[in-house]
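Peer 1: Okay, here's the structure, questions in a sec.
The values are calculated or read from the model by the stated rules, or taken from the named source; none is laboratory data. Note that the structure is predicted; figures quoted are calculated from it, not measured. Reconstructed Cβ throughout: ideal geometry from the backbone, glycine too, with neighbour counts over all protein chains shown. Protein only, heavy atoms only, side chains kept; ligands, DNA and RNA dropped before computing areas. Shrake-Rupley method; radii C 1.70, N 1.55, O 1.52, S 1.80 Å.
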Amino acid sequence: SQRNLDLVDSPTGRQHSLLGALDKTATPMGARKLRDWILNPLRDLKTLNARQDIIASFLAEPFLLGQCRESLKGIRDIERTTSRLSQNAGNGRDLLSLFTSLQKLPNLKSDLEALSEQVPSSDYQDHLVTQLHLFPDLTDLFEKALTDEPPAGTKDGGIIRDGFNAELDELRSASRDGKQWLAELQETERKRTGIDTLKIKFNNVFGYFLEVTKAKVPLVPDDYQRKQTMTNAERYITPELKEMESKILGADERAKQLEYEEFVKLRQAVADELDRLQQCADSLATLDILLGLAELAQLYQHTRPLLDDSRDLEITNGRHPVLEQTLVDEKFIPNDTLLESETSRLILLTGPNMAGKSTYIRQVALITLMAQIGAYVPAEKARIGLVDRIFCRVGASDDLTSGQSTFMVEMNETSLIINNATENSLVILDEIGRGTATFDGLSIAWSVAEHIHDIIQSRTLFATHYHELTDLSRTRDGVENYNVAVREWNDDIIFLRKILPGTADKSYGIQVARLAGLPPAIIDRAKDILSH
């Protein structure tokens with residue numbers, strides 16, 4: 001069902017999935033939690049209404065909605081950053097990322113508190129704002145301690161700012177002074193020896209040394225001690241150089257060690273606040289989703305659905321939440337839906353291919369799912385009795401790796417639905433029985449429809465090309481027939497995308513085949529065969 005409804009991905013890319021359409025989040029935490037909400041919708045009316053209340057509050061104050069959204073944009077992944085740091089992992093960049101995020105919290109919390117003053121807030125909203133902890137001591141510590149651009153490594157220095165630790169400042173000064181002394185020594189030795197190409201270099205094997213090219217070796221003074229002969233140069237040391245080397249390297253190593261110790265203290269300061277940081281991250285993720293859903297409702301005129309424990313599902317001028325955003329060539333046509341437990345719990349939908357049957361039945365499932373994550377929905381109005389599960393079986397596919405044909409896969413999926421659906425489920429079925437002989441398929445589809453209506457009694461949308469099935473409405477009170485309207489004009493068909501009561505008079509398969517580009521000779525012969 002997740003795959004058939006393109007919940008978090010689709011064959012044409014994430015942007016054509018429900019997640020892609022709903023994701024207006026500004027933080028990685030919000031994006032992850034939204035995915036989780038979509039895959040785990042709720043049946044808890046209290047929580048769903050509380051989420052709707054917060055969206056309503058944001059919509060009532062568009063300026064504060066914009067302010068909060070802006071504050072969220074600078075917040076990084078607090079959840080994963082604190083997790084890494086608390087497990088003795090992470091680096092200076094993680095600390096800086098956390099610092100940047102914590103700096104944004106006061107403005108966000110202030111805007112949310114202002115919202116509560118303007119619009120009466122719910123306990124759920126107050127709880128989210130309360131969980132949005134501020135960390136003034138930690139923020140102040142980071143501001144004083146961290147450099148503007150910490151390196152990726154943790155033991156090579158560059159994390160702690162000058163002025164934070166007096167001993168560290170002294171060691172750094174000694175190291176800097178030593179390196180200045182080396183630069184001055186190089187210049188002095190060039191003048192004393194007359195070797196203008198003389199250089200003071202360093203490597204991990206010999207430390208600091210004086211390097212002289214072969215051509216200048218005769219000018220080397222007696223107090224230079226040869227250390228290494230190279231192809232084009234000789235390397236020397238002096239007692240004075242070795243003495244300064246020990247001071248410089250000693251200061252460097254001690255500075256790096258001391259800086260790492262300070263980094264570990266900063267990391268521990270994060271670990272000490274782990275519980276409150278995680279509460280804050282969770283609250284931020286939830287607020288991020290609800291702010292995004294509010295902006296989505298604002299952009300696409302989504303409305304607040306009425307949720308209850310009934311077995312009814314009523315949608316006025318519902319739209320497909322993904323297609324209304326991505327459709328380019330034509331305007332999306334809205335449609336009504338009415339599923340009632342007694343009079344119309346099973347809708348049989350007929351109409352030609354490409355007319356919009358699959359879009360319509362999936363649209364109903366997606367609107368129901370959106371309502372059950374607490375979102376506003378793409379409809380003029382909606383009343384949705386909570387469902388316990390959504391089952392969706394559409395299309396044709398095989399599973400060659402396990403040796404299952406298209407029809408076997410279809411029957412397996414149908415069997416799973418029949419054996420697991422309840423009277424509170426929403427069942428979406430598209431083209432049951434199409435993978436086998438016509439009368440076998442029709443018989444199976446008919447029997448499945450009867451069983452769902454009589455035994456399971458779940459709310460069901462059943463799209464089919466078997467027009468014979470529509471006779472079920474004569475013997476079953478809870479079956480209603482609908483069709484997708486089309487018009488014929490000059491041997492063309494025009495898809496009106498409108499769902500109307502009644503049955504389709506034919507499937508227009510030959511016209512669709514012509515649209516797909518089959519040669520005229522084949523089309524004409526098909527018409528001749530059909531007429532006979």
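Peer 1: Among the listed residues Leu65, Leu5, Leu19, Leu48, identify the single one that is surrounded by 16 or more Cβ atoms within 10 Å (Cβ to Cβ) and either charged (D, E, K, R) or in a loop (DSSP other than H, G, I, E, B) (or both).
Peer 2: Leu5
Peer 1: Restricting attention to the range 22-44, report how many residues are hydrophobic (A, V, I, L, M, F, W, C) and open to solvent by 40 Å² or more (accessible area, probe 1.4 Å).
Peer 2: Residues that pass the stated criteria total 2.
Peer 1: What number goes with the only condition from (1) surrounded by fewer than 21 Cβ atoms within 10 Å (Cβ to Cβ); (2) in contact (Cβ under 8 Å) with a residue 12 or more places away in the chain that Ile55 does not pass?
Peer 2: Exception for Ile55: condition (1).
Peer 1: Taking the condition in contact with a strand residue (DSSP E or B) (Cβ under 7 Å, 6 or more places away or on another chain), surrounded by fewer than 17 Cβ atoms within 10 Å (Cβ to Cβ), outside any strand (DSSP E or B) and of a type outside the set (Gly, Ala, Ser), does Val205 pass? I'd like the intermediate steps shown before the answer.
Peer 2: Numbers: in contact with a strand residue (DSSP E or B) (Cβ under 7 Å, 6 or more places away or on another chain): no; surrounded by fewer than 17 Cβ atoms within 10 Å (Cβ to Cβ): yes; outside any strand (DSSP E or B): yes; of a type outside the set (Gly, Ala, Ser): yes.
No.
Peer 1: What pairs come out if I take residues in the range 330-359 that are among the aromatic types (Phe, Trp, Tyr) and pair them with residues that are open to solvent by 30 Å² or more (accessible area, probe 1.4 Å) whose C-beta lies under 7 Å away, six or more apart or interchain?
Peer 2: Phe332/Arg319; Phe332/Leu323; Phe332/Glu324
Peer 1: Also: Residues in the range 73-90 that are open to solvent by less than 30 Å² (accessible area, probe 1.4 Å), assigned to a loop (DSSP other than H, G, I, E, B) and closer than 23 Å to Gly158 by Cβ: how many?
Peer 2: 2
Peer 1: Count, please, the residues in the range 208-219 that happen to be touching a residue at least 12 places away in the same chain (Cβ under 8 Å) and open to solvent by 30 Å² or more (accessible area, probe 1.4 Å). Show your work before the answer.
Peer 2: Step one: filter the range 208-219 for residues touching a residue at least 12 places away in the same chain (Cβ under 8 Å), giving 208-214, 216-217, 219.
Add one more test, that the residue is open to solvent by 30 Å² or more (accessible area, probe 1.4 Å), and what stays is 211, 213-214, 216-217, 219.
The total comes to 6.
Peer 1: Continuing with the same structure: Can you name the residue in the range 100-133 that is among the small types (Gly, Ala, Ser) and not in a helix (DSSP H, G or I) and is also modelled with the highest pLDDT among such residues?
Peer 2: Ser122
Peer 1: Residue by residue through the range 477-515, note down the ones that are open to solvent by 90 Å² or more (accessible area, probe 1.4 Å) and either of a type in the set (Gly, Ala, Ser) or at pLDDT below 90 (or both).
Peer 2: Quick first cut of the range 477-515, residues open to solvent by 90 Å² or more (accessible area, probe 1.4 Å) only: 477, 487-490, 501, 505, 515.
Within the range 477-515, Arg487, Glu488, Trp489, Asn490, Asp505, Leu515 qualify.
Peer 1: Is it true that some residue in the range 311-333 is surrounded by 16 or more Cβ atoms within 10 Å (Cβ to Cβ), farther than 30 Å from Ile432 by Cα, modelled with pLDDT of 95 or more and not basic (Lys, Arg)?
Peer 2: The answer is no; no qualifying residue exists.
Peer 1: Only one residue in Thr286, Thr238 is modelled with pLDDT of 95 or more, surrounded by 14 or more Cβ atoms within 10 Å (Cβ to Cβ) and farther than 30 Å from Phe164 by Cβ, so which one is that? I'd like the intermediate steps shown before the answer.
Peer 2: On the way: Thr238 fails: modelled with pLDDT of 95 or more.
Answer to the selection: Thr286.
Peer 1: Testing His451 on (1) open to solvent by less than 50 Å² (accessible area, probe 1.4 Å); (2) in contact with a helix residue (DSSP H, G or I) (Cβ under 7 Å, 6 or more places away or on another chain), one condition comes back false. Which one is that?
Peer 2: Condition not satisfied by His451: (1).
Peer 1: Filter the range 244-258 down to residues that are in contact with a helix residue (DSSP H, G or I) (Cβ under 6 Å, 6 or more places away or on another chain) and of a type outside the set (A, V, I, L, M, F, W, C) and give me whichever is farthest from Lys155 (Cα to Cα).
Peer 2: Checked the range 244-258; the qualifying residue farthest from Lys155 (Cα to Cα) is Lys247.
Peer 1: Which numbered condition in (1) under 30 Å from Leu290 (Cβ atoms); (2) part of a loop (DSSP other than H, G, I, E, B); (3) of a type in the set (A, V, I, L, M, F, W, C) is the only one that Ala152 fails?
Peer 2: (1)
Peer 1: Test of understanding: among Leu442, Leu429, Leu461, which residue is surrounded by 18 or more Cβ atoms within 10 Å (Cβ to Cβ), in contact (Cβ under 8 Å) with a residue 24 or more places away in the chain and more than 20 Å from Leu339 (Cβ to Cβ)?
Peer 2: Details: Leu429 fails: more than 20 Å from Leu339 (Cβ to Cβ); Leu461 fails: more than 20 Å from Leu339 (Cβ to Cβ).
Leu442 is the lone residue from the list that is surrounded by 18 or more Cβ atoms within 10 Å (Cβ to Cβ), in contact (Cβ under 8 Å) with a residue 24 or more places away in the chain and more than 20 Å from Leu339 (Cβ to Cβ).
Peer 1: Something else: Scan the range 32-45 for residues that are free of Cβ contacts under 8 Å to residues at least 24 places away in the same chain and in a helix (DSSP H, G or I) and jot them down.
Peer 2: Matches in the range 32-45: Asp36 only.
Peer 1: Within the range 262-276, identify whether any single residue is part of a helix (DSSP H, G or I), acidic (Asp, Glu) and buried (at least 20 other Cβ atoms within 10 Å of the Cβ), and answer yes or no. Give the derivation first.
Peer 2: As a first pass, look at the range 262-276 and keep what is part of a helix (DSSP H, G or I): 262-272, 274-276.
Subset that is acidic (Asp, Glu): 262, 272, 275.
Next, from what is left, pick out any that are buried (at least 20 other Cβ atoms within 10 Å of the Cβ): none.
The answer is no; no qualifying residue exists.
Peer 1: Which residues, taken from the range 220-235, are among the hydroxyl-bearing types (Ser, Thr, Tyr) and either under 20 Å from Gly194 (Cβ atoms) or surrounded by 11 or more Cβ atoms within 10 Å (Cβ to Cβ) (or both)?
Peer 2: Matches in the range 220-235: Tyr224 only.
Peer 1: Would you check which residues across the range 148-184 are polar (S, T, N, Q) and open to solvent by 30 Å² or more (accessible area, probe 1.4 Å) and list them?
Peer 2: So in the range 148-184, the residues polar (S, T, N, Q) come out as 154, 165, 173, 175, 180.
Once the filter is applied, which keeps residues that are polar (S, T, N, Q) and open to solvent by 30 Å² or more (accessible area, probe 1.4 Å), the range 148-184 yields Thr154, Ser173, Gln180.
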